[in-house]
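These notes concern the structure reproduced below.
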C-alpha cells in the first residue's frame, strides 16, 4: 500500500512538473498554444460533423435525415474552416472569451452585493471587477489580442494546475 501511495504521489509530482513546463511554453509562445487549441477544436468539429453525416446516410429517408445531413455538413465544414484558418478561429475564440469575461464580471459584481452582509463579499466583488477589466482589456485590443489572449490564459491555467499538483504531491508525501 505504501509503494502504491508513493507511486501515485510521484505521478502527481511529475504530471505537475509537465503541466508547469507546458504552461511556461504556452505563456512564452501564446500564438502557438492558442492555434493548437483552435486546431483541436477544428478536428472535434470535423468529427462531430462526419458522425451524423454517416449516420444519416445509413438511415431511412425522412425529414429528420435531411436536417441531420445539413447540420452534419455545416459542422464538418466549420471544422475544416477552423483547421484551414486557425488565426481566424483564434480571433473568434478570443471574442467569445471577451463576452464570457464581461458577462461573468457583471454577474459577480451584481451577486456580490447580495452577499454584502457576509464578511467575504468583497472578494467576490474584486473577482468580478477583475473579470470585467480582463474582458475589457482583451476587447480593447481585439482582434490583435487573439494572438496572445487564449495562449496566455491556457498557459496560466496550466501553470496554476501544475503548481497545485506539485504542492499536493509534496503535501501527500508528508
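Let's see how each residue does on (1) farther than 30 Å from residue 149 by Cβ; (2) outside any helix (DSSP H, G or I); (3) modelled with pLDDT under 90:
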| site | (1), (2), (3) |
| --- | --- |
| 11 | yes, no, yes |
| 37 | no, no, yes |
| 57 | yes, no, yes |
| 61 | yes, yes, yes |
| 66 | yes, no, yes |
| 74 | no, no, no |
| 79 | no, no, no |
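Within the stretch 120-134, identify whether any single residue is outside any helix (DSSP H, G or I) and farther than 30 Å from residue 86 by Cα, and answer yes or no. It would help to see each step written out before you state the result.
Restricting attention to the stretch 120-134, the residues satisfying the condition of being outside any helix (DSSP H, G or I) are 120.
Filter once more, so that each one left must be farther than 30 Å from residue 86 by Cα: 120.
For the stretch 120-134, residues outside any helix (DSSP H, G or I) and farther than 30 Å from residue 86 by Cα: present.
A quick yes/no check of all residues on (1) within 20 Å of the chain's Cα centre (by Cα); (2) in contact (Cβ under 8 Å) with a residue 24 or more places away in the chain; (3) surrounded by 13 or more Cβ atoms within 10 Å (Cβ to Cβ); (4) closer than 30 Å to residue 17 by Cβ:
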| site | (1), (2), (3), (4) |
| --- | --- |
| 71 | no, no, yes, no |
| 75 | yes, yes, yes, no |
| 89 | yes, yes, yes, no |
| 99 | yes, yes, no, no |
| 111 | no, no, yes, no |
| 115 | no, no, yes, no |
| 134 | yes, yes, yes, yes |
| 162 | yes, yes, yes, yes |
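Just give me the residues in the stretch 138-156 being surrounded by 14 or more Cβ atoms within 10 Å (Cβ to Cβ) and either touching a strand residue (DSSP E or B) at 6+ places or on another chain (Cβ under 6 Å) or assigned to a helix (DSSP H, G or I) (or both), in sequence order.
Of everything in the stretch 138-156, those that are surrounded by 14 or more Cβ atoms within 10 Å (Cβ to Cβ) and either touching a strand residue (DSSP E or B) at 6+ places or on another chain (Cβ under 6 Å) or assigned to a helix (DSSP H, G or I) (or both) turn out to be 138, 139, 145, 146, 147, 149, 150, 151, 152, 153, 154, 155.
Of the residues 49, 16, which is over 30 Å from residue 166 (Cα atoms) and either surrounded by 13 or more Cβ atoms within 10 Å (Cβ to Cβ) or under 23 Å from the mean Cα position of the chain (by Cα) (or both)?
Working: 16 fails: over 30 Å from residue 166 (Cα atoms).
The conditions single out 49.
The values are calculated or read from the model by the stated rules, or taken from the named source; none is laboratory data. Bear in mind that the values here come from a model prediction, so they are computed numbers and not experimental data. Positions of Cβ are generated from backbone atoms using ideal geometry, with glycine treated the same way; all protein chains shown enter the neighbour counts.
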